[in-house]
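Peer 1: Take a look at this one; I'll ask things after.
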């Protein structure tokens with residue numbers, strides 16, 4: 001779709017605004033989110049689907065349960081865990097997608113070489 | 001919707017891991033075909049955003065909450081294949097760092113939320129978009145409705161996994177009814193958040209919405225009309241000038 005004349009912002013501005021919103025949601029809003037069990041956990045508890053359940057191998061980890069080990073203020077703890085998660089997903093995502101991009105570039109580069117050889 | 005360890009038996013979890021790995025491999029190949037340099041940071045941003053919004057549990061019924069799964073949102077923004085990868089990144093970080101979703105259940109969770117969410121959800125999105133008028137609001141509307149279907153769809157697939165290898169005694173019918181029932185409610189929230197986010201991106205950078213890029217938009221038609229009006233005006237003007245001189 002063509003860009004619109006006035007509404008368009010630069011990719012840089014868009015990315016900065018997007019990451020700022022994600023960080024705000026994770027740090028400011030997430031600590032106030034509902035702490036009730038989610039749909040699956042509730043149904044599992046009601047119907048006994050969780051009787052074989054055991055804690056995750058990383059349940060004792062420093063960030064388990066979206067809480068930072070040693071930070072006692074739960075609001076800050078959840079918020080900081082959120083910021084770490086936003087940063088970690090962003091970093092892992094960019095590394096993965098840069099790898100995918102490189103995969104394509106390598107393929108693009110090898111295609112004409114093969115054509116030349118043949 | 002994140003399945004913890006031990007809800008579903010080992011062999012079923014392993015089989016789901018195989019399906020997930022296959023889906024991820026196909027997604028990597030397909031995403032490589034369309035991904036350009038500009039979209040690399042945007043796809044990373046989409047993963048971050050889905051992570052952040054997944055933390056926002058909203059109440060849906062007495063003592064029950066739900067949150068966005070984000071498959072349709074990611075798929076509409078960056079394309080279905082890159083969308084699978086975005087949600088997979090989110091699920092991996094959640095299970096490894098935050099112990100949200102079991103490590104042995106990661107394959108199950110990738111199937112339910114990344115594959116079913118992004119690919120199944122995007123198929124619903126395309127079907128809805130095809131029957132709606134070719135406008136930007138249709139893109140937002142179609143993504144919202146498709147996103148509303150994603151949690152109940154994931155709930156059905158979970159029920160299937162439970163039927164194959166669940167460690168519980170409840171009947172499949174009862175599990176299906178309870179799971180779909182609560183996830184229809186969660187879907188309302190998922191749909192609203194998805195439609196709002198897609199609208200916001202459409203308003204600022206419509207070219208970054210994959211689900212709008214392949215659509216024959218109103219734009220050419222509008223351009224044709226504007227062009228025709230300009231032509232008529234110009235001819236009028238020319239005729240007026242001829243009369244005047």
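The values are calculated or read from the model by the stated rules, or taken from the named source; none is laboratory data. Everything numeric in this text was worked out from a predicted model, so none of it was measured. Reconstructed Cβ throughout: ideal geometry from the backbone, glycine too, with neighbour counts over all protein chains shown.
Peer 1: Going through the stretch B:61-73 one residue at a time, which ones are in contact with a helix residue (DSSP H, G or I) (Cβ under 7 Å, 6 or more places away or on another chain) and either within 7 Å of chain A (Cβ to nearest Cβ) or crowded, with 24+ Cβ neighbours inside 10 Å (or both)?
Peer 2: B:63, B:64, B:66, B:67, B:68, B:69, B:70, B:71, B:72, B:73
Peer 1: Counting only residues that are under 21 Å from residue A:34 (Cα atoms) and surrounded by 13 or more Cβ atoms within 10 Å (Cβ to Cβ), how many does the stretch A:60-72 have?
Peer 2: Qualifying residue count for the region: 7.
Peer 1: Just to check your reading of the model, which residue among B:53, B:90, B:40, B:19 is more than 7 Å from chain A (Cβ to nearest Cβ) and touching a helix residue (DSSP H, G or I) at 6+ places or on another chain (Cβ under 7 Å)?
Peer 2: Within the list B:53, B:90, B:40, B:19, the selection yields B:19.
Peer 1: Go through the stretch B:92-183 and tell me which helices (runs of 4 or more DSSP H), entirely inside it, have 1 or more residues that are within 13 Å of the chain's Cα centre (by Cα) and assigned by TED's automatic domain parsing to the domain that holds residue B:25.
Peer 2: B:121-131, B:136-165
Peer 1: Working only within the stretch A:80-98, note down all residues that are facing chain B (nearest Cβ under 7 Å) and under 24 Å from residue B:81 (Cβ atoms).
Peer 2: The answer is A:85, A:86, A:88, A:89, A:90, A:92, A:93, A:94, A:96, A:97, A:98.
Peer 1: If you check residue A:57 against the conditions, is it crowded, with 16+ Cβ neighbours inside 10 Å and within 7 Å of another protein chain (Cβ to nearest Cβ)?
Peer 2: Working: crowded, with 16+ Cβ neighbours inside 10 Å: no; within 7 Å of another protein chain (Cβ to nearest Cβ): yes.
Criteria not met by residue A:57.
Peer 1: Restricting attention to the stretch A:22-54, and to residues there that are under 16 Å from the mean Cα position of the chain (by Cα) and more than 7 Å from chain B (Cβ to nearest Cβ), which single residue is surrounded by the fewest Cβ atoms within 10 Å (Cβ to Cβ)?
Peer 2: A:24
Peer 1: So if I check each of A:101, A:12, which one is modelled with pLDDT under 95, in a helix (DSSP H, G or I), within 24 Å of the chain's Cα centre (by Cα) and within 8 Å of chain B (Cβ to nearest Cβ)? Please lay out each step first, then the result.
Peer 2: Values: A:12 fails: within 8 Å of chain B (Cβ to nearest Cβ).
A:101 is the lone residue from the list that is modelled with pLDDT under 95, in a helix (DSSP H, G or I), within 24 Å of the chain's Cα centre (by Cα) and within 8 Å of chain B (Cβ to nearest Cβ).
Peer 1: Can I ask one more? Quick one: how many residues across the stretch B:34-75 are part of a helix (DSSP H, G or I) and in contact (Cβ under 8 Å) with a residue 24 or more places away in the chain?
Peer 2: Count: 16.
Peer 1: Would you point out the residue of the stretch A:65-79, among those that are within 19 Å of residue B:4 (Cβ to Cβ) and touching a helix residue (DSSP H, G or I) at 6+ places or on another chain (Cβ under 8 Å), that is nearest to the other protein chains (Cβ to nearest Cβ)?
Peer 2: A:66
Peer 1: For residue B:103, are the conditions met, namely being within 12 Å of another protein chain (Cβ to nearest Cβ), without any contact (Cβ under 8 Å) to a residue 12 or more places away in the chain and on the phi < 0 side of the Ramachandran plot?
Peer 2: Values: within 12 Å of another protein chain (Cβ to nearest Cβ): yes; without any contact (Cβ under 8 Å) to a residue 12 or more places away in the chain: no; on the phi < 0 side of the Ramachandran plot: yes.
No; evaluated as a whole, the condition is false for this residue.
Peer 1: Separate question: Would you mind telling me which numbered condition in (1) in contact with a strand residue (DSSP E or B) (Cβ under 9 Å, 6 or more places away or on another chain); (2) at pLDDT 95 or above residue A:86 fails?
Peer 2: In the conditions (1) in contact with a strand residue (DSSP E or B) (Cβ under 9 Å, 6 or more places away or on another chain); (2) at pLDDT 95 or above, residue A:86 misses (1) alone.
Peer 1: Working carefully through the options B:16, B:21, find the one that is over 23 Å from residue A:44 (Cβ atoms) and over 19 Å from the mean Cα position of the chain (by Cα).
Peer 2: That would be B:21, the only listed residue that is over 23 Å from residue A:44 (Cβ atoms) and over 19 Å from the mean Cα position of the chain (by Cα).
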